[in-house]
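Scroll down for the structure; my scribbles are underneath it.
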Amino acid sequence: MIKPDQPARDTIAPSDLTFGLSTCKRCLWLKYWFKFDMKKEFPLVKPLADSQEEHFRRASMPDISSTLKPGVVKQWGQWVKSAPIKINGFETRWKILGIYDLLGHYEDGTVGIIDCKVSDSERDNGPFYAPQLEAYAYALENPDKGKPFPVSSMGLLIWKLAGVTETSISELASHSHGFGVNQHYVPVERDTEKFSALLEELISTIEGGMPDSGPECNVCNYLIKRAELQID
């Protein structure tokens with residue numbers, strides 16, 4: 001395979017720092033050089049996430065979690081783009097580009113990133129999603145344009161479905177039902193040193209030759225098994 005002179009994109013998706021490196025470096029490499037990415041369908045995720053985000057617009061930060069400082073959610077669903085990333089003092093061609101869910105503005109002038117999750121997965125924890133949230137923080141503190149926003153908190157706002165809620169007779173007659181959720185906030189600790197090392201690993205992976213596929217990559221394993229079954 002001949003590597004192009006230029007990659008298909010020059011921006012890094014925050015989610016690739018969480019899912020890309022940990023799943024399959026080959027798929028990650030193909031995505032950035034050839035814009036080759038398997039489309040993923042999650043029919044219910046977006047409407048549920050949109051409902052969660054809309055519910056907390058202009059919410060008080062302490063109402064979301066008593067651990068958060070006084071402030072208000074003033075921004076949501078906005079793109080953030082960083083200045084070119086520097087590795088070991090040298091400027092790379094890569095920038096971070098992504099959309100955060102909620103951004104709280106604290107009274108002390110700092111901001112707090114909140115990533116909304118509607119899920120029941122065991123991986124919904126701070127350490128797993130820390131790289132993704134750190135990427136948003138990096139873009140906010142090192143913007144491509146405009147003023148920087150100092151980030152003083154990061155966290156996950158998780159909704160787990162708790163079953164069908166009690167329904168009145170009139171609602172039953174109109175075929176209207178509802179689902180309840182259990183909500184909890186998970187603070188995510190910042191570790192800029194670890195994030196910088198991960199960012200360097202990702203950029204080194206992309207800039208190098210095509211790496212081996214991940215041993216647990218469902219896409220690569222499927223393609224390999226399919227190729228083995230082909231008959232001349």
How much length is gained on full extension from Phe36 to Ser22, taking 0.36 nm per residue of separation minus their Cα-Cα distance?
-> 3.2 nm
In degrees from 0 to 90, rounded to the nearest 10, what is the angle of the helix 126-141 Cα long axis to the longest principal axis of the chain?
-> 80 degrees
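Say the cut-off is 31 Å between C-alpha atoms; which of Lys25/Lys86; Lys35/Lys74; Lys95/Lys160 go over it?
Details: Lys25/Lys86 21 Å; Lys35/Lys74 34 Å; Lys95/Lys160 33 Å.
From the list (Lys25/Lys86; Lys35/Lys74; Lys95/Lys160), the Cα-Cα distance tops 31 Å for Lys35/Lys74; Lys95/Lys160.
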The set of cysteines in the chain having no other cysteine's C-beta under 4.7 Å reads Cys116
Among Tyr222, Tyr129, Tyr106, the residue with the largest mean-square fluctuation in a Gaussian network model of the chain built from Cα contacts under 10 Å is Tyr222
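Would you tally the net charge around Phe56, using a Cβ to Cβ cut-off of less than 11 Å, leaving Phe56 out, and scoring K and R as +1, D and E as -1?
Within the 11 Å Cβ shell, the charges total -2.
Mind checking the full-extension length gain between Thr11 and Ala197? Use 0.36 nm per residue of separation minus the Cα-Cα distance, one decimal, nm. Please list the in-between numbers first.
Numbers: separation 186, 0.36 × 186 = 66.96 nm, distance 1.77 nm.
Stretched fully, the Thr11-Ala197 segment lengthens by 65.2 nm.
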So Val45 and His184, fully extended at 0.36 nm per residue minus their Cα-Cα distance, gain in nm 48.2 nm
Can you tell which of Asp115, Asp101, Asp50 shows the greatest fluctuation in a Gaussian network model of the chain with Cα springs below 10 Å?
-> Asp50
For the stretch 80-107 and the stretch 1-59, what is the separation of their Cα centres, given in Å?
-> 16 Å
Apply the Karplus parameterisation 6.51 cos²θ - 1.76 cosθ + 1.60, with θ equal to phi minus 60°, to every residue of the stretch 83-96 and state each ³J(HN,Hα) to the nearest whole Hz, in sequence, with x for glycine and proline.
-> 5, x, 6, 9, 10, 6, x, 9, 7, 9, 7, 8, 10, 8
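As a quick test, which of the pairs Lys39/Lys81; Lys3/Lys39; Lys117/Lys194 have an alpha carbon distance above 25 angstrom in this structure?
Numbers: Lys39/Lys81 23 Å; Lys3/Lys39 23 Å; Lys117/Lys194 23 Å.
Distance filter (> 25 Å) returns an empty set.
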Angle, helix 45-55 long axis vs. longest principal axis of the chain, Cα atoms, 0 to 90°, nearest 10?
-> 50 degrees
What is the sum of charges around Met154, taking Lys and Arg as +1, Asp and Glu as -1, for the other residues whose C-beta is under 10 Å from the C-beta of Met154?
-> -2
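Within the set of other residues whose C-beta is less than 14 Å from the C-beta of Ala83, count the net charge using Lys and Arg as +1 and Asp and Glu as -1. Present the calculation step by step, with values, prior to reporting the outcome.
Details: positive: Lys81, Lys86, Arg93, Lys95, Lys145, Lys147; negative: Asp10, Glu91, Glu141, Asp144.
Surrounding charge for Ala83 is +2.
Counting only DSSP beta bridges with both residues in the stretch 11-225, what percent are antiparallel, rounded to the nearest 5? Don't skip to the answer; put the middle values down first.
Working: 24 of 34 bridges.
The antiparallel fraction comes to roughly 70 percent.
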Please list, in chain and number order, the residues 5+ apart from Val181 or on another chain whose amide H is under 5 Å from its amide H, with Hs placed from the backbone.
-> Ala162
Hey, got the dipole for the stretch 11-225? About the Cα centre, +1 on K and R Cβ, -1 on D and E Cβ, debye to the nearest 20?
-> 640 debye
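Coordinate-derived values only; no laboratory data. On a predicted model such as this, the values are computed, not experimentally measured, just so you know. Glycine gets a Cβ as well: all are built from the backbone with ideal geometry, and neighbour counts include every protein chain shown.
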